[in-house]
Amino acid sequence: MGSSLTQVSPEPCSAWPASAPSGFSPEPLPGATANRGLVVKVGDTVQRPLAPCWPATHALLAHLSGVGFDGAPRVLAASPSTEILTYMHGQAAVPPLAGDVLTDTALVSVADLLRRYHRAVVSFDPTGHRWPRPIPATFRTGLVSHNDVHPANLIFRDGVATALIDFDLAGPGSVIWDLAAAARHWSPLCDERDIADSRQGQALTRFRLLLDAYGLPPAQRHEVAGAILANHDWCCAIITDAASAGHPGFVDYWGRVAGTMTRARRWCEAHHHDLLAAAG
(Lines give C-alpha, C1' and ligand atoms only; values in the text may rest on other atoms or scores of the structure.)
Protein backbone atom coordinates (compact mmCIF):
# COMPACT_ATOMS: atom_id res chain seq x y z
CA MET A 1 0.00 0.00 0.00
CA GLY A 2 1.73 3.11 -1.24
CA SER A 3 1.20 6.71 -0.27
CA SER A 4 -1.33 7.15 -3.08
CA LEU A 5 -3.84 5.04 -1.12
CA THR A 6 -5.69 7.66 0.90
CA GLN A 7 -9.17 8.77 1.83
CA VAL A 8 -10.92 10.25 -1.21
CA SER A 9 -13.99 12.31 -1.99
CA PRO A 10 -17.36 10.58 -2.49
CA GLU A 11 -18.43 9.58 -5.98
CA PRO A 12 -22.06 9.53 -7.17
CA CYS A 13 -23.94 6.60 -5.70
CA SER A 14 -25.49 5.80 -9.06
CA ALA A 15 -22.20 5.19 -10.87
CA TRP A 16 -20.81 1.68 -11.16
CA PRO A 17 -17.00 1.60 -11.28
CA ALA A 18 -15.84 1.46 -14.89
CA SER A 19 -12.13 0.60 -14.92
CA ALA A 20 -9.91 -2.09 -13.48
CA PRO A 21 -7.29 -1.41 -10.82
CA SER A 22 -3.73 -1.39 -12.09
CA GLY A 23 -0.15 -1.64 -10.92
CA PHE A 24 -0.08 -5.21 -9.59
CA SER A 25 -0.29 -8.82 -10.70
CA PRO A 26 -3.87 -9.86 -9.88
CA GLU A 27 -5.47 -13.22 -9.25
CA PRO A 28 -9.03 -12.74 -10.58
CA LEU A 29 -11.82 -13.76 -8.23
CA PRO A 30 -15.02 -15.30 -9.59
CA GLY A 31 -18.63 -14.33 -9.09
CA ALA A 32 -18.81 -10.58 -9.76
CA THR A 33 -21.48 -9.04 -12.01
CA ALA A 34 -21.27 -5.28 -11.50
CA ASN A 35 -17.47 -5.55 -11.17
CA ARG A 36 -16.95 -8.46 -13.54
CA GLY A 37 -13.25 -9.14 -14.03
CA LEU A 38 -12.26 -6.25 -11.76
CA VAL A 39 -12.08 -7.99 -8.37
CA VAL A 40 -8.68 -9.50 -7.69
CA LYS A 41 -6.79 -11.18 -4.87
CA VAL A 42 -3.28 -10.02 -4.02
CA GLY A 43 -1.80 -11.97 -1.13
CA ASP A 44 -4.21 -11.66 1.78
CA THR A 45 -5.98 -8.66 0.30
CA VAL A 46 -8.73 -8.04 -2.24
CA GLN A 47 -8.49 -5.08 -4.60
CA ARG A 48 -11.69 -3.97 -6.25
CA PRO A 49 -13.36 -0.84 -7.65
CA LEU A 50 -14.78 1.43 -4.98
CA ALA A 51 -18.34 0.56 -4.03
CA PRO A 52 -20.89 2.97 -5.52
CA CYS A 53 -21.65 4.52 -2.11
CA TRP A 54 -18.26 3.75 -0.66
CA PRO A 55 -18.23 6.23 2.27
CA ALA A 56 -21.32 4.57 3.73
CA THR A 57 -20.00 1.09 2.99
CA HIS A 58 -16.63 1.85 4.57
CA ALA A 59 -18.31 3.29 7.67
CA LEU A 60 -20.40 0.15 7.96
CA LEU A 61 -17.40 -2.17 7.60
CA ALA A 62 -15.44 -0.10 10.15
CA HIS A 63 -18.31 -0.45 12.60
CA LEU A 64 -18.48 -4.21 12.10
CA SER A 65 -14.75 -4.50 12.74
CA GLY A 66 -15.02 -2.25 15.79
CA VAL A 67 -17.67 -4.41 17.45
CA GLY A 68 -15.69 -7.58 16.79
CA PHE A 69 -17.70 -9.08 13.95
CA ASP A 70 -15.30 -11.34 12.06
CA GLY A 71 -17.68 -12.27 9.24
CA ALA A 72 -16.98 -9.30 6.95
CA PRO A 73 -13.87 -7.85 5.30
CA ARG A 74 -12.04 -4.84 6.73
CA VAL A 75 -11.10 -1.81 4.65
CA LEU A 76 -7.33 -1.36 4.52
CA ALA A 77 -7.00 1.54 2.10
CA ALA A 78 -8.57 3.35 -0.83
CA SER A 79 -7.44 5.30 -3.88
CA PRO A 80 -9.65 7.42 -6.15
CA SER A 81 -10.83 4.30 -7.99
CA THR A 82 -9.89 1.27 -5.88
CA GLU A 83 -10.42 -0.11 -2.41
CA ILE A 84 -8.25 -2.69 -0.67
CA LEU A 85 -9.99 -5.09 1.69
CA THR A 86 -8.88 -8.03 3.76
CA TYR A 87 -9.31 -11.34 1.99
CA MET A 88 -11.86 -13.64 3.63
CA HIS A 89 -10.38 -17.11 3.48
CA GLY A 90 -12.62 -19.89 2.21
CA GLN A 91 -14.69 -20.44 -0.90
CA ALA A 92 -17.41 -18.20 -2.29
CA ALA A 93 -20.51 -20.19 -3.23
CA VAL A 94 -20.25 -19.61 -6.97
CA PRO A 95 -21.76 -22.04 -9.51
CA PRO A 96 -21.52 -24.92 -9.74
CA LEU A 97 -22.32 -25.08 -6.03
CA ALA A 98 -20.29 -27.64 -4.09
CA GLY A 99 -22.26 -30.38 -2.40
CA ASP A 100 -21.25 -29.27 1.10
CA VAL A 101 -22.98 -25.89 0.69
CA LEU A 102 -26.28 -27.54 -0.27
CA THR A 103 -26.77 -29.37 3.03
CA ASP A 104 -29.14 -28.49 5.85
CA THR A 105 -26.07 -27.85 7.99
CA ALA A 106 -24.89 -25.23 5.48
CA LEU A 107 -28.34 -23.61 5.47
CA VAL A 108 -28.36 -23.40 9.28
CA SER A 109 -24.94 -21.77 9.12
CA VAL A 110 -26.29 -19.13 6.71
CA ALA A 111 -28.99 -18.28 9.27
CA ASP A 112 -26.38 -18.19 12.05
CA LEU A 113 -24.13 -15.86 10.07
CA LEU A 114 -26.99 -13.49 9.28
CA ARG A 115 -28.10 -13.44 12.92
CA ARG A 116 -24.54 -12.59 14.03
CA TYR A 117 -24.33 -9.86 11.40
CA HIS A 118 -27.66 -8.35 12.45
CA ARG A 119 -26.63 -8.34 16.11
CA ALA A 120 -23.37 -6.62 15.19
CA VAL A 121 -24.97 -3.98 12.94
CA VAL A 122 -27.91 -3.07 15.17
CA SER A 123 -25.79 -0.39 16.93
CA PHE A 124 -24.71 1.23 13.65
CA ASP A 125 -26.34 4.58 12.84
CA PRO A 126 -27.00 4.86 9.09
CA THR A 127 -28.04 8.51 9.17
CA GLY A 128 -25.80 11.02 7.47
CA HIS A 129 -24.75 8.58 4.75
CA ARG A 130 -25.91 8.15 1.17
CA TRP A 131 -26.92 4.56 0.43
CA PRO A 132 -27.57 2.65 -2.79
CA ARG A 133 -30.98 1.77 -4.19
CA PRO A 134 -33.46 1.86 -1.28
CA ILE A 135 -35.54 -1.15 -0.46
CA PRO A 136 -39.33 -0.69 -0.23
CA ALA A 137 -40.29 1.48 2.76
CA THR A 138 -42.56 -1.26 4.12
CA PHE A 139 -39.51 -3.37 4.88
CA ARG A 140 -37.22 -0.69 6.34
CA THR A 141 -36.68 -0.64 10.10
CA GLY A 142 -33.47 1.40 10.29
CA LEU A 143 -31.20 -1.62 10.60
CA VAL A 144 -28.63 -1.75 7.80
CA SER A 145 -29.16 -5.07 6.08
CA HIS A 146 -26.75 -6.66 3.62
CA ASN A 147 -29.46 -6.75 0.93
CA ASP A 148 -27.65 -9.16 -1.39
CA VAL A 149 -27.44 -12.56 0.29
CA HIS A 150 -26.69 -14.24 -3.02
CA PRO A 151 -24.64 -17.46 -2.74
CA ALA A 152 -21.66 -15.79 -4.44
CA ASN A 153 -21.58 -13.25 -1.60
CA LEU A 154 -21.12 -15.84 1.14
CA ILE A 155 -17.81 -17.46 2.04
CA PHE A 156 -17.79 -21.06 3.22
CA ARG A 157 -15.25 -23.21 4.99
CA ASP A 158 -15.88 -26.93 5.24
CA GLY A 159 -19.54 -26.45 4.37
CA VAL A 160 -20.15 -23.70 6.94
CA ALA A 161 -20.89 -20.07 6.07
CA THR A 162 -18.27 -17.91 7.75
CA ALA A 163 -18.40 -14.50 6.07
CA LEU A 164 -20.45 -12.06 4.02
CA ILE A 165 -18.75 -10.15 1.21
CA ASP A 166 -19.79 -7.50 -1.33
CA PHE A 167 -21.64 -4.92 0.75
CA ASP A 168 -22.25 -2.68 -2.27
CA LEU A 169 -26.04 -2.90 -1.89
CA ALA A 170 -26.10 -2.67 1.91
CA GLY A 171 -28.37 0.02 3.29
CA PRO A 172 -31.27 0.70 5.63
CA GLY A 173 -33.47 -2.38 5.58
CA SER A 174 -34.38 -5.09 8.04
CA VAL A 175 -33.87 -8.61 9.28
CA ILE A 176 -36.98 -9.52 7.30
CA TRP A 177 -35.46 -8.30 4.03
CA ASP A 178 -32.22 -10.23 4.44
CA LEU A 179 -34.07 -13.40 5.35
CA ALA A 180 -36.37 -13.02 2.36
CA ALA A 181 -33.31 -12.81 0.11
CA ALA A 182 -31.66 -15.74 1.86
CA ALA A 183 -34.82 -17.81 1.51
CA ARG A 184 -35.06 -17.08 -2.21
CA HIS A 185 -31.48 -18.07 -2.90
CA TRP A 186 -30.85 -20.80 -0.38
CA SER A 187 -34.12 -22.75 -0.13
CA PRO A 188 -34.25 -22.02 -3.10
CA LEU A 189 -37.67 -20.59 -3.92
CA CYS A 190 -37.98 -21.25 -7.63
CA ASP A 191 -39.50 -23.55 -10.21
CA GLU A 192 -38.57 -27.19 -9.64
CA ARG A 193 -37.30 -27.48 -13.21
CA ASP A 194 -34.57 -25.00 -12.30
CA ILE A 195 -33.28 -27.00 -9.32
CA ALA A 196 -30.91 -29.72 -10.46
CA ASP A 197 -29.33 -30.68 -7.12
CA SER A 198 -30.22 -32.32 -3.81
CA ARG A 199 -32.50 -29.41 -2.83
CA GLN A 200 -35.14 -30.32 -5.41
CA GLY A 201 -38.53 -30.71 -3.77
CA GLN A 202 -37.25 -29.29 -0.47
CA ALA A 203 -38.03 -25.57 -0.88
CA LEU A 204 -40.74 -25.24 1.77
CA THR A 205 -38.95 -27.50 4.24
CA ARG A 206 -35.72 -25.56 3.85
CA PHE A 207 -37.57 -22.24 4.09
CA ARG A 208 -38.91 -23.28 7.47
CA LEU A 209 -35.49 -24.56 8.55
CA LEU A 210 -33.91 -21.20 7.72
CA LEU A 211 -36.43 -19.36 9.89
CA ASP A 212 -36.13 -21.94 12.68
CA ALA A 213 -32.34 -21.66 12.66
CA TYR A 214 -32.45 -17.87 12.79
CA GLY A 215 -34.84 -17.98 15.74
CA LEU A 216 -37.32 -15.49 14.35
CA PRO A 217 -40.49 -14.77 16.40
CA PRO A 218 -43.75 -16.11 14.88
CA ALA A 219 -45.12 -12.75 13.69
CA GLN A 220 -41.91 -11.89 11.88
CA ARG A 221 -41.77 -15.31 10.24
CA HIS A 222 -44.95 -14.44 8.34
CA GLU A 223 -43.45 -11.07 7.39
CA VAL A 224 -40.57 -12.89 5.69
CA ALA A 225 -43.04 -14.89 3.63
CA GLY A 226 -44.81 -11.65 2.76
CA ALA A 227 -41.55 -10.03 1.63
CA ILE A 228 -40.53 -12.72 -0.87
CA LEU A 229 -42.18 -11.26 -3.97
CA ALA A 230 -41.10 -7.70 -3.17
CA ASN A 231 -37.54 -8.88 -2.64
CA HIS A 232 -37.61 -10.75 -5.95
CA ASP A 233 -38.91 -7.71 -7.80
CA TRP A 234 -36.36 -5.37 -6.18
CA CYS A 235 -33.47 -7.63 -7.14
CA CYS A 236 -34.84 -8.13 -10.63
CA ALA A 237 -35.16 -4.37 -11.15
CA ILE A 238 -31.50 -3.84 -10.23
CA ILE A 239 -30.47 -6.33 -12.89
CA THR A 240 -32.83 -5.15 -15.63
CA ASP A 241 -32.14 -1.44 -15.01
CA ALA A 242 -28.39 -2.01 -15.31
CA ALA A 243 -28.84 -4.25 -18.34
CA SER A 244 -31.04 -1.63 -20.02
CA ALA A 245 -28.31 0.94 -19.37
CA GLY A 246 -25.89 -1.27 -21.28
CA HIS A 247 -23.75 -2.56 -18.38
CA PRO A 248 -22.09 -5.61 -19.99
CA GLY A 249 -21.95 -7.70 -16.83
CA PHE A 250 -25.66 -7.24 -16.20
CA VAL A 251 -26.57 -7.68 -19.86
CA ASP A 252 -24.87 -11.08 -19.84
CA TYR A 253 -26.25 -12.01 -16.44
CA TRP A 254 -29.84 -11.14 -17.36
CA GLY A 255 -29.45 -13.17 -20.53
CA ARG A 256 -28.62 -16.20 -18.37
CA VAL A 257 -31.20 -15.76 -15.60
CA ALA A 258 -34.21 -14.05 -17.21
CA GLY A 259 -36.13 -17.28 -17.72
CA THR A 260 -35.21 -18.66 -14.31
CA MET A 261 -36.20 -15.48 -12.49
CA THR A 262 -39.48 -15.19 -14.39
CA ARG A 263 -40.39 -18.76 -13.45
CA ALA A 264 -39.24 -18.17 -9.86
CA ARG A 265 -41.61 -15.25 -9.48
CA ARG A 266 -44.52 -17.30 -10.78
CA TRP A 267 -43.60 -20.09 -8.35
CA CYS A 268 -43.42 -17.71 -5.37
CA GLU A 269 -46.74 -16.12 -6.31
CA ALA A 270 -48.44 -19.49 -6.74
CA HIS A 271 -47.03 -20.79 -3.44
CA HIS A 272 -47.60 -17.68 -1.32
CA HIS A 273 -50.04 -19.43 1.01
CA ASP A 274 -47.73 -22.45 1.22
CA LEU A 275 -44.90 -20.14 2.27
CA LEU A 276 -47.07 -18.57 4.95
CA ALA A 277 -47.98 -22.03 6.23
CA ALA A 278 -44.36 -23.20 6.17
CA ALA A 279 -43.31 -20.10 8.10
CA GLY A 280 -45.39 -21.42 11.00
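The values are calculated or read from the model by the stated rules, or taken from the named source; none is laboratory data. Computed from a predicted model, the values in this text were never measured in an experiment. A quick note on method: Cβ atoms are made from the backbone with ideal geometry, for glycine too, and the neighbour counts reach across all protein chains shown. In case anyone asks, the SASA skips ligands and DNA or RNA and just uses the protein heavy atoms, side chains included. Shrake-Rupley method; radii C 1.70, N 1.55, O 1.52, S 1.80 Å.
Miscellaneous remarks
- Annotation: extensible slack from T240 through T105 equals 45.3 nm (criterion: 0.36 nm per residue apart, minus Cα-Cα distance).
- The calculated FRET efficiency for the pair D194 and Q220, based on their C-beta separation and a Förster distance of 30 Å, comes to about 0.60.
- Global geometry of the chain, whether rounded, prolate or oblate, following the gyration tensor of its Cα atoms and the 1.5 cut on a/c: prolate
- Rounded to the nearest 10 degrees, the inclination of helix 104-121 to the longest alpha-carbon principal axis of the chain is 50 degrees.
- Cα long-axis angle, helix 248-270 against the chain (0 to 90 degrees, to the nearest 10): 20
- E192 - accessible surface, heavy atoms, 1.4 Å probe, Å² rounded to 10: 60
- For the chain, the per residue solvent-accessible surface stands at 44 Å², with DNA, RNA and ligands left out and a 1.4 Å probe.
- As a calculated quantity, the FRET efficiency between R140 and D44 at R0 = 35 Å, using C-beta atoms, amounts to about 0.50.
- The candidates L50, L143, arranged from most to least accessible area with a 1.4 Å probe in the full protein assembly, appear as L143, L50.
- Segment D212..A98, full-extension length gain: 38.7 nm, with 0.36 nm per residue of separation and the alpha-carbon distance subtracted.
- Each residue, L276 and H89, gets one label point 7 Å from its Cα in the Cβ direction; the gap between the two is 4.8 nm.
- Relative to the Cα centre, the charge distribution of segment 144-218, modelled as +1 at Lys and Arg Cβ and -1 at Asp and Glu Cβ, gives a dipole magnitude of about 220 debye.
- Computed about the Cα centre, the dipole magnitude for the chain is approximately 200 debye when only Lys and Arg (+1) and Asp and Glu (-1) carry charge, each at its Cβ.
- Cα gyration tensor shape for segment 197-274, rounded if a/c is under 1.5, else prolate or oblate: prolate
- Computed 3J(HN,Hα) for segment 215-222, one whole-Hz value per residue from the Karplus formula 6.51 cos²θ - 1.76 cosθ + 1.60 where θ = phi - 60°, is x, 6, x, x, 4, 6, 4, 5, glycine and proline marked x.
- Charge sum, other residues only, whose C-beta stays under 9 Å from R263's C-beta, Lys/Arg counted +1 and Asp/Glu -1: +1
- Classified by the C-alpha gyration tensor, segment 140-186 has a prolate form. Its axis ratio a/c, with a ≥ b ≥ c, is 1.5 or above, and a/b is larger than b/c.
- Residue ranking by accessible heavy-atom surface, 1.4 Å probe, largest first, among R265, R133 comes out as R133, R265.
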